[in-house]
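S.K.: One structure, as structure tokens, below. Some questions next.
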Amino acid sequence: MDTLNGIVCFIRSAESGSFAAAGRALGLTPAAVGKNVARLEASLGVRLFQRSTRRLSLTEAGEAFRLEVVDSLDSLQTAMSNATVAHASPVGRLRVSMGNAFGRDWIVPMLGSFLRANPRVQPDWHFDNRAVDLIGEGFDVAIGGGFELQPGLIARHLAPAHRVLVASPAYLSTRGAPATPADLVGRAGILLRSPQTGRIRNWTLTDGAAGKASIDLDTRILFDDPDAANHAAMQGLGIALVAVPHALPYIERGVLRRVLPDWWVDGGDISIYYAAQKLLPRKTRVFVEHVMASFERDQLAARFSAQHADMR
């Protein structure tokens, strides 16, 4: 069992590049992970890692050993899981990352039914508008858009990540509603910084056919939170560009309206991300399935489309 623990710590450290990240994934301290790997190295009589103060790197022997054992380890852990917990209820802390407003408005409402079905799971949810390093930061799941699909991760599509232009009824009544993308020139823009770069991304509008147009708003206000952009737009301070899930509650309440309802930005996908491994913890698996079933039941993929009737 000590050898198995050492191999598990070795593989997770090789995947994440540090004992600390491996420890977060395994529920161990970095020191415990390092000791398990050191015992394995002593047992094998070879050095598996080159260690530095910043990152681990595999030695030639370490890479060869990793390739030999990684598939066998997954198979062994799967067999052990099938033998011991096939009928056990999911249990443990579930670390999930999601955006602030998106998580509050759309994922938190799914929590009650999830916990009633899985009372031994403890949600540990982190609300942040950045794309996290899922494995390196020890998350079980991340939900959102704009993630780089790194090796070792699976992304399952939930909905389109469309963005739309919105403004208050009072603003449109006073300033007039733009009829074409060219009418955006000179209008006050309420824009969002990229959480990755801190800059404004040059989005392009589409009409779903051949039409393409730039967004030539004047940068009047900059935010890093879409909910703040919606609140500024409600005050009549300009036209905001926000993702449909953030705009939809305000549009449904009538406090914001679509600007150029035949045009939108295609921002890719909203997806649910988790580690690609055969032995996925049951707490993670049931949560992923619950979120996907909830999206299907509530038809959120359709509702998050800029072409849906609710967004007109």
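S.K.: What number of residues within segment 266-303 are of a type in the set (Asp, Glu) and in contact (Cβ under 8 Å) with a residue 24 or more places away in the chain?
M.R.: Final tally of qualifying residues: 2.
S.K.: Further question on the same structure: Take segment 182-205 and flag every residue that is at pLDDT 95 or above, open to solvent by less than 30 Å² (accessible area, probe 1.4 Å), out of contact with any Ser or Thr (no Cβ under 8 Å at 6 or more places or on another chain) and not hydrophobic (A, V, I, L, M, F, W, C).
M.R.: Arg187
S.K.: Does Val291 satisfy being outside any helix (DSSP H, G or I) and at pLDDT 95 or above? I'd like the intermediate steps shown before the answer.
M.R.: Values: outside any helix (DSSP H, G or I): no; at pLDDT 95 or above: yes.
Criteria not met by Val291.
S.K.: Of the conditions (1) farther than 19 Å from Val259 by Cβ; (2) open to solvent by less than 30 Å² (accessible area, probe 1.4 Å); (3) at pLDDT below 95; (4) not aromatic (Phe, Trp, Tyr), Gly211 fails just one. Which one is it?
M.R.: So the condition that Gly211 fails would be (1).
S.K.: From Pro245, Pro261, which residue is of a type outside the set (Asp, Glu), open to solvent by 30 Å² or more (accessible area, probe 1.4 Å) and under 14 Å from His308 (Cβ atoms)? Lay out the reasoning, then the answer.
M.R.: On the way: Pro245 fails: open to solvent by 30 Å² or more (accessible area, probe 1.4 Å).
Sole residue among the options that is of a type outside the set (Asp, Glu), open to solvent by 30 Å² or more (accessible area, probe 1.4 Å) and under 14 Å from His308 (Cβ atoms): Pro261.
S.K.: Does at least one position in segment 171-181 carry a residue that is farther than 27 Å from His308 by Cβ and open to solvent by less than 30 Å² (accessible area, probe 1.4 Å)? Talk me through it step by step, then tell me what you get.
M.R.: The initial filter retains those residues of segment 171-181 that are farther than 27 Å from His308 by Cβ, namely 174.
Then drop every residue that is not open to solvent by less than 30 Å² (accessible area, probe 1.4 Å), which leaves none.
No; the residues of segment 171-181 include none that is farther than 27 Å from His308 by Cβ and open to solvent by less than 30 Å² (accessible area, probe 1.4 Å).
S.K.: Here's a follow-up. Being in contact with a strand residue (DSSP E or B) (Cβ under 6 Å, 6 or more places away or on another chain) and assigned to a loop (DSSP other than H, G, I, E, B) is the filter here, so list the residues in segment 236-259 that pass it.
M.R.: Hits for segment 236-259 are Gly238, Leu256.
S.K.: Out of curiosity, is Asp224 modelled with pLDDT under 95, closer than 18 Å to Phe102 by Cβ and surrounded by fewer than 15 Cβ atoms within 10 Å (Cβ to Cβ)?
M.R.: The answer is yes for Asp224.
S.K.: Another question about this same structure. Looking at segment 211-228, I want the residues that are touching a residue at least 40 places away in the same chain (Cβ under 8 Å) and have a partner that is part of a strand (DSSP E or B) and basic (Lys, Arg) with Cβ atoms under 8 Å, at least 6 apart or on another chain. Which pairs are those?
M.R.: Qualifying pairs under 8 Å: Asp224/Arg193.
S.K.: Here is a further query. Looking at (1) open to solvent by 30 Å² or more (accessible area, probe 1.4 Å); (2) over 19 Å from Gly152 (Cβ atoms); (3) at pLDDT below 90, which is the only condition Arg24 fails?
M.R.: (2)
S.K.: Taking interchain pairs and intrachain pairs at least six residues apart, which have beta carbon atoms under 7 angstrom, with the first residue in segment 81-96 and closer than 26 Å to Leu134 by Cα and the second at pLDDT below 90 and assigned to a helix (DSSP H, G or I)?
M.R.: Val85/Arg282; Pro90/Arg282
S.K.: Which ones in segment 292-304 are in contact with a strand residue (DSSP E or B) (Cβ under 9 Å, 6 or more places away or on another chain) and surrounded by fewer than 17 Cβ atoms within 10 Å (Cβ to Cβ)? So that I can check it myself, show each step before the final result.
M.R.: First pass over segment 292-304, keeping only residues in contact with a strand residue (DSSP E or B) (Cβ under 9 Å, 6 or more places away or on another chain): 292, 295, 300-304.
Selection gives Met292, Ala301, Ala302.
S.K.: Among Ala233, Ala179, which is the only one that is small (Gly, Ala, Ser), over 23 Å from Ser271 (Cβ atoms) and more than 29 Å from the chain's Cα centre (by Cα)?
M.R.: Within the list Ala233, Ala179, the selection yields Ala179.
S.K.: Would you tally the residues in segment 29-46 being surrounded by 14 or more Cβ atoms within 10 Å (Cβ to Cβ) and either among the small types (Gly, Ala, Ser) or more than 14 Å from Asp2 (Cβ to Cβ) (or both)?
M.R.: In the first step, residues of segment 29-46 are kept if they are surrounded by 14 or more Cβ atoms within 10 Å (Cβ to Cβ); the result is 30, 32-41, 44, 46.
Going one step further and asking which of them are either among the small types (Gly, Ala, Ser) or more than 14 Å from Asp2 (Cβ to Cβ) (or both), we end up with 30, 32, 34, 38, 46.
Qualifying residue count for the region: 5.
The values are calculated or read from the model by the stated rules, or taken from the named source; none is laboratory data. All values derive from a computational prediction rather than experimental measurement. Ideal geometry is used to build each Cβ from the backbone, glycine not excepted, and the neighbour counts take in all protein chains shown. When the accessible area is computed, the model is the full protein with side chains, heavy atoms only, and any ligands, DNA or RNA have been set aside. Shrake-Rupley method; radii C 1.70, N 1.55, O 1.52, S 1.80 Å.
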